[in-house]
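The values are calculated or read from the model by the stated rules, or taken from the named source; none is laboratory data. Everything numeric in this text was worked out from a predicted model, so none of it was measured. Quick reminder, even Gly has a Cβ in these numbers, built from the backbone with ideal geometry, and neighbours come from all protein chains shown. Side chains included, ligands, DNA and RNA excluded: accessible areas come from the protein's heavy atoms. Shrake-Rupley method; radii C 1.70, N 1.55, O 1.52, S 1.80 Å.
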Amino acid sequence: MRAWILGTAGWMPTVHRGTTSVLVRAGDRALLLDAGTGAARLVSEPGLLDGATRLDVLLTHFHLDHVCGLLYLPATGLPVEIHAPGEWLYGSASAQVLAPLLRAPVSPFASQPFAIRELDPGGGSIAGVPVALRAQLRHWAPTAGIRIGDALALVTDTAFDEGTAGFVAGVRHLLHEAWSTSHDPASVDGDATAAQAGQVAAEAGVARLTLLHLHPRADPAALERDARAAFAPAEVGVDGRELTL
Ligand SMILES: [Zn+2]
């Protein structure tokens, strides 16, 4: 299994950061975790999808910064299946939640181009990799925490949550939201700080921590200092970089 971080911004892209998206490859399968503007790299760097026969997309939630890249995916030429938490976390079919985005006049495509499946909260196998899920209820809207076996976990769009460390315990590489530093005026109730990401990583005993879903004005050096007080190996994510698993 290999993985790349395609987008590290939250809310809006910046000159150097697309919004949240992570690519996992296992053989001829490709799994995209969230489809923010970072997903554009699948089109500008087609080598990321070399040998892929289809593309599965797992959505943490439906905020626009995590789903706007869905409309880029027809450019990959691959069949796309979306796995989303509509029924599980919102009590509404995911296809219904996504419909305004995926059909005219918002979508430029004449017909809705994707298969859409409901996430099973019990997890299972998606795109040939083992997926575990956890409801995160401390954001502006419910979100899904994602764990891919013991290799990788994505925890974004959540305030600090005491249950996260148990969920990601022992995973090799944790990707965790770091919206701001601890004392930044940008810090808010619904999003975790870098220090809190570091605290989760330390409690969970992960090997690596990459910070993502950053505020558009975030200072990467300040975020790293804030996280490293709790977890020394913490690093701010860099768009396009392959992750060590
Ligand atoms: Zn977000």
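Below is a table of values for the structure above.
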item	result
Residue that is in contact (Cβ under 8 Å) with a residue 12 or more places away in the chain, among the small types (Gly, Ala, Ser) and buried (at least 18 other Cβ atoms within 10 Å of the Cβ), where the choices are ALA132, ALA186, ALA195	ALA195
Test: residue in the stretch 82-104 that is modelled with pLDDT under 95 and more than 26 Å from ARG134 (Cβ to Cβ)	yes
Subset of the stretch 60-81 [within 16 Å of the ligand (Cβ to nearest atom), crowded, with 16+ Cβ neighbours inside 10 Å and part of a helix (DSSP H, G or I)]	ASP65, HIS66, VAL67, CYS68, GLY69, LEU70
Filtered residue count, the stretch 109-122, keeping only those that are outside any strand (DSSP E or B), open to solvent by 20 Å² or more (accessible area, probe 1.4 Å) and at pLDDT 95 or above	3
Candidate set from the stretch 29-60 (those that are acidic (Asp, Glu) and in contact with a strand residue (DSSP E or B) (Cβ under 8 Å, 6 or more places away or on another chain)); member that is farthest from ILE82 (Cα to Cα)	ASP34
Strands (runs of 3 or more DSSP E) fully within the stretch 1-53 counting 2 or more residues that are touching a Gly at 6+ places or on another chain (Cβ under 7 Å)	2-7, 21-26
Single residue of ALA26, ALA30 found to be closer than 25 Å to ASP150 by Cβ, open to solvent by less than 10 Å² (accessible area, probe 1.4 Å) and away from the ligand (no atom under 16 Å from the Cβ)	ALA30
Pair list, Cβ under 8 Å, 6 or more apart: the stretch 52-64 residue in contact (Cβ under 8 Å) with a residue 24 or more places away in the chain, other residue part of a strand (DSSP E or B) and among the basic types (Lys, Arg)	ALA52/ARG25; ALA52/ARG29; THR53/ARG29; ARG54/ARG29; ASP56/ARG29
Meets criteria (farther than 21 Å from GLY38 by Cα and not basic (Lys, Arg)) for GLY190	yes
Unique match (being among the hydroxyl-bearing types (Ser, Thr, Tyr) and either within 20 Å of GLY91 (Cβ to Cβ) or away from the ligand (no atom under 16 Å from the Cβ) (or both)) among THR164, THR193, THR156	THR164
Condition met for ARG41 (more than 16 Å from the ligand (Cβ to nearest atom) and either surrounded by fewer than 18 Cβ atoms within 10 Å (Cβ to Cβ) or at pLDDT below 95 (or both))	no
Residue within the stretch 46-58 that is within 16 Å of the ligand (Cβ to nearest atom), over 19 Å from SER125 (Cα atoms) and modelled with pLDDT of 95 or more present	no
Close pairs from the stretch 225-244: first of a type in the set (D, E, K, R), partner open to solvent by 20 Å² or more (accessible area, probe 1.4 Å) and not in a helix (DSSP H, G or I), Cβ under 6 Å, at least 6 apart	ASP226/THR181; ASP226/SER182; ASP239/ARG17; GLU242/TRP4
